[in-house]
Amino acid sequence: MTEYTGILVYGEIIEGHLSSTTTELLGRGRSLADELQEELTCAVTSDSVGQAPKEAIAFGADKVYSTEDPSLKEYEPSTHLQLAEKLVRDTCPRIILMGQTPMGRDLAPRLAFRLRTGLATDCIDLSIDPESKLLLQTKPVYGGNARAIFTLSVMPQMATVRPKAMSPMKRDDSRTGEVIAIESEIDASTIATRIVEKVKEEVAGIKLEDAPAIVSGGRGIGGPEPFTTTLKQLADVLHGAVGASRPPADNGWVPETLHIGLTGKIVAPDIYITVAISGASQHIAGCSGSKTMIAINKDPEANIFRESQFGVVGRYEEVLPAFTEKLKELLAG
Amino acid sequence: MTQPSMIVCCKQVPDPEAPPSVFKVDTASNKITLPPDIKPVIGQYDEFAMEAALRIKDKTGGKITILSLGNNIIRDVIKKALAVGGDELILLEDAAFQEGDSWSTAFALATAIKKIGQYDLIFCGRQSSDWDAGQVGLGIAELLGVPAVTLARKVEVSDGKARIEQVIPDGYQIVEVALPALVTVTSELGNLRYAVLKGIMAAAKKQPTVWKPADMGLEQSQVGSAGRNTKLVRLFQPVREAKCEIIEGESAAEAGANLALRLREAKVL
């Protein structure tokens with residue numbers, strides 16, 4: 001019988017550095033590994049891994065498996081599936097963690113089914129059950145209306161983790177660890193899909209994920225225009241960005257890249273201002289990590305007020321310009 | 001292949017658009033309870049998947065088989081997929097299918113698809129509207145050994161290939177895949193069309209084919225709750241800590257200005 005031991009974080013690299021989500025996985029992975037008194041390893045794969053192996057150790061890994069291959073520049077499912085499957089079969093980790101990122105949400109289910117094991121996706125909390133030593137995986141379900149805690153009855157135990165749900169360790173460059181280079185040995189014949197073209201739809205200005213303040217509009221905005229006028233003006237005063245709930249994106253009022261929510265972007269700014277957003281759980285799932293939430297909505301019964309610290313009940317057409325104007329005055333003075 | 005054979009997986013779920021306040025957890029049974037006036041629906045992402053198949057059928061013709069798994073599947077709910085243009089309905093319906101997880105559900109669906117035999121494209125929603133796992137589509141593809149492309153916002157078929165616009169964080173990419181293949185569909189594809197009267201009447205006359213586990217050569221122990229790889233330990237609702245301070249004013253505009261003053265005072269801004 002196979003002996004499963006240790007925790008493997010399947011990392012991601014952005015321009016030669018470990019992604020912030022990977023550092024979050026290592027942060028929680030470290031405390032889980034300490035509790036189990038087992039090893040924390042991190043796999044990094046790219047055309048060029050750059051500083052990532054060193055960073056993985058500084059952020060908590062005991063050991064890093066590093067693979068460099070030109071074919072790993074972009075995420076391609078079957079290439080990564082081959083690599084991950086081989087690494088897991090060779091090292092038999094007890095727990096495998098990935099981010100609930102574009103790569104993780106695509107790769108993790110494929111790997112779980114390939115390994116005939118179980119997986120909980122989009123977890124917001126992970127802990128070790130003191131008795132069974134199994135991984136307790138907490139994830140939002142029913143569009144965020146409830147939470148479920150799962151354990152797995154099979155090994156390895158796999159989870160993907162929602163970005164920004166966990167905290168990284170403080171970076172410690174004096175930590176030491178082992179970096180092991182792994183040959184890629186990719187069988188290109190299994191690649192069934194071909195990327196023909198990439199089309200960027202990125203909006204100019206501050207990226208949503210990096211914005212300190214976000215002004216988000218919902219269905220009640222009524223059309224595309226206010227997103228580039230009243231909402232944008234407030235966002236500019238706050239040096240922030242404009243976002244949206246799902247209906248404006250589905251209606252084409254804003255590009256999908258502005259969609260915040262369960263199936264859109266996950267953000268956690270200092271200030272999150274919702275305008276004419278009712279507060280469906282699916283939207284809250286994308287912004288609940290915000291430090292302060294402020295709601296402007298004409299319906300006093302709207303669920304958004306149950307999620308916010310400050311609110312104004314009123315038509316946004318009247319509330320917003322006065323709010324922006326006063327704010328400009330206060331911030332200037 | 002001029003006329004593709006398509007399979008669309010549809011799941012009956014509690015209406016995800018119901019207001020958050022009506023979702024309650026029964027902690028004794030670890031289940032969601034909803035008031036009786038909240039009717040079940042086909043999962044919203046499964047509806048986008050259905051629309052993707054219909055758009056291909058509009059262009060090239062072809063056959064759409066709807067596949068659904070559960071117990072006590074309400075015919076009026078699932079038949080919506082026939083009314084909008086689906087050709088055939090196969091239900092994996094049995095008490096043994098209940099309370100499965102992503103593993104046992106994908107396993108049963110993949111087994112049913114093997115039994116159907118002929119397929120060029122399988123469509124699934126990107127995730128279910130209840131458990132939000134996003135695993136079943138990719139699981140079916142892995143179990144069948146066919147390629148899968150996730151998060152499609154447009155799907156076109158020609159010359160034995162599918163050309164798919166796949167949503168990525170900063171836009172989309174065009175991916176080509178040889179058929180047969182599985183595609184998971186996201187909301188940007190667009191809403192499912194409305195059924196027309198003719199379609200509703202035709203759907204009313206169609207009888208679904210019902211398969212039990214034994215009809216697919218499966219043991220009871222392989223499906224539903226018995227076939228799970230995951231165990232639901234607890235279902236609960238988090239306690240809300242936020243208490244909202246409502247800022248008032250003589251007019252809406254004044255309330256807006258007062259909000260700015262209050263946020264400044266509270267050192268939020």
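The values are calculated or read from the model by the stated rules, or taken from the named source; none is laboratory data. These figures come from a predicted structure and were not determined experimentally. Heads up, the Cβs are rebuilt from the backbone with ideal geometry, glycines too, and the neighbour counts pull from every protein chain shown.
Among A:98, A:103, which is the only one that is under 19 Å from the mean Cα position of the chain (by Cα), assigned to a helix (DSSP H, G or I) and either surrounded by fewer than 22 Cβ atoms within 10 Å (Cβ to Cβ) or more than 9 Å from chain B (Cβ to nearest Cβ) (or both)?
The conditions single out A:103.
Starting from the stretch B:227-253, take each residue that is touching a residue at least 40 places away in the same chain (Cβ under 8 Å) and list its partners that are surrounded by 14 or more Cβ atoms within 10 Å (Cβ to Cβ) and outside any strand (DSSP E or B), counting only C-beta distances under 6 angstrom and pairs at least six apart or across chains.
Short answer, once both residue conditions are applied: B:227/B:104; B:228/B:101; B:228/B:104; B:229/A:154; B:229/B:103; B:230/B:101; B:232/B:30; B:235/B:30.
Residue B:65: surrounded by fewer than 19 Cβ atoms within 10 Å (Cβ to Cβ), polar (S, T, N, Q), more than 30 Å from residue A:149 (Cα to Cα) and touching a residue at least 40 places away in the same chain (Cβ under 8 Å), yes or no?
Spelling it out, it is not the case that residue B:65 is surrounded by fewer than 19 Cβ atoms within 10 Å (Cβ to Cβ), polar (S, T, N, Q), more than 30 Å from residue A:149 (Cα to Cα) and touching a residue at least 40 places away in the same chain (Cβ under 8 Å).
So in the stretch A:186-195, with the set limited to residues that are within 14 Å of another protein chain (Cβ to nearest Cβ) and part of a loop (DSSP other than H, G, I, E, B), which one is nearest to residue A:67 (Cα to Cα)?
The extreme case among them is A:191.
Is it true that residue A:69 is in contact (Cβ under 8 Å) with a residue 24 or more places away in the chain, out of contact with any strand residue (DSSP E or B) (no Cβ under 7 Å at 6 or more places or on another chain), surrounded by fewer than 20 Cβ atoms within 10 Å (Cβ to Cβ) and under 24 Å from residue B:169 (Cβ atoms)?
Answer is yes for this residue.
Is it the case that residue B:230 is facing another protein chain (nearest Cβ under 7 Å) and either surrounded by fewer than 15 Cβ atoms within 10 Å (Cβ to Cβ) or over 30 Å from residue A:320 (Cβ atoms) (or both)?
Taking the combined requirement at face value, the residue satisfies it.
In the stretch A:322-333, how many residues are under 33 Å from the mean Cα position of the chain (by Cα) and within 13 Å of residue B:259 (Cα to Cα)?
Counting residues in the stretch A:322-333 that are under 33 Å from the mean Cα position of the chain (by Cα) and within 13 Å of residue B:259 (Cα to Cα) gives 4.
Output the residues belonging to the stretch B:122-179 that are out of contact with any strand residue (DSSP E or B) (no Cβ under 7 Å at 6 or more places or on another chain), at the interface with chain A (Cβ under 7 Å from one of its Cβ atoms) and surrounded by fewer than 21 Cβ atoms within 10 Å (Cβ to Cβ).
Listed by number, the residues that qualify are B:143, B:168, B:169.
Tell me which residues, restricted to the stretch B:98-108, are within 12 Å of another protein chain (Cβ to nearest Cβ) and part of a helix (DSSP H, G or I).
Matches in the stretch B:98-108: B:102, B:103, B:104, B:105, B:106, B:107.
In the stretch A:162-185, what residues are buried (at least 20 other Cβ atoms within 10 Å of the Cβ) and either charged (D, E, K, R) or away from every other protein chain (no Cβ under 14 Å) (or both)?
Within the stretch A:162-185, A:162, A:166 meet the criteria.
Going residue by residue through the stretch A:139-147, is there one that turns out to be within 25 Å of residue B:13 (Cα to Cα), part of a loop (DSSP other than H, G, I, E, B) and at pLDDT below 95?
yes
What number of residues within the stretch A:183-220 are β-branched (Val, Ile, Thr), under 27 Å from the mean Cα position of the chain (by Cα) and farther than 23 Å from residue B:167 by Cα?
1
Considering only residues that are out of contact with any helix residue (DSSP H, G or I) (no Cβ under 7 Å at 6 or more places or on another chain), part of a strand (DSSP E or B) and closer than 25 Å to residue A:286 by Cα, which ones fall in the stretch A:148-174?
Hits for the stretch A:148-174 are A:148, A:149, A:150, A:151, A:159.
Being closer than 24 Å to residue B:144 by Cβ and buried (at least 18 other Cβ atoms within 10 Å of the Cβ) is the filter here; which residues of the stretch A:115-129 pass it?
Residues satisfying the conditions are A:115, A:117, A:118, A:119, A:120, A:121.
Could you please give the count of residues in the stretch B:21-40 that are over 23 Å from residue B:225 (Cβ atoms) and either crowded, with 20+ Cβ neighbours inside 10 Å or more than 13 Å from chain A (Cβ to nearest Cβ) (or both)?
Here the count works out to 4.
Could you list, in sequence order, the residues of the stretch A:130-156 that are buried (at least 20 other Cβ atoms within 10 Å of the Cβ) and of a type outside the set (A, V, I, L, M, F, W, C)?
A:137, A:138, A:139, A:140, A:142, A:143, A:144, A:145, A:156
Scanning for something touching an Asp or Glu at 6+ places or on another chain (Cβ under 6 Å) and closer than 30 Å to residue A:256 by Cα, does the stretch B:211-231 turn up at least one residue?
No; the residues of the stretch B:211-231 include none that is touching an Asp or Glu at 6+ places or on another chain (Cβ under 6 Å) and closer than 30 Å to residue A:256 by Cα.
Kindly state which helices (runs of 4 or more DSSP H) lie completely within the stretch A:226-333 and contain at least 3 residues that are within 9 Å of chain B (Cβ to nearest Cβ), at pLDDT 95 or above and crowded, with 24+ Cβ neighbours inside 10 Å.
Those helices (runs of 4 or more DSSP H) span A:316-332.
List the number of the failed condition for residue B:11; all other conditions in (1) of a type in the set (Lys, Arg); (2) over 19 Å from the mean Cα position of the chain (by Cα); (3) at pLDDT 95 or above hold.
So the condition that residue B:11 fails would be (2).
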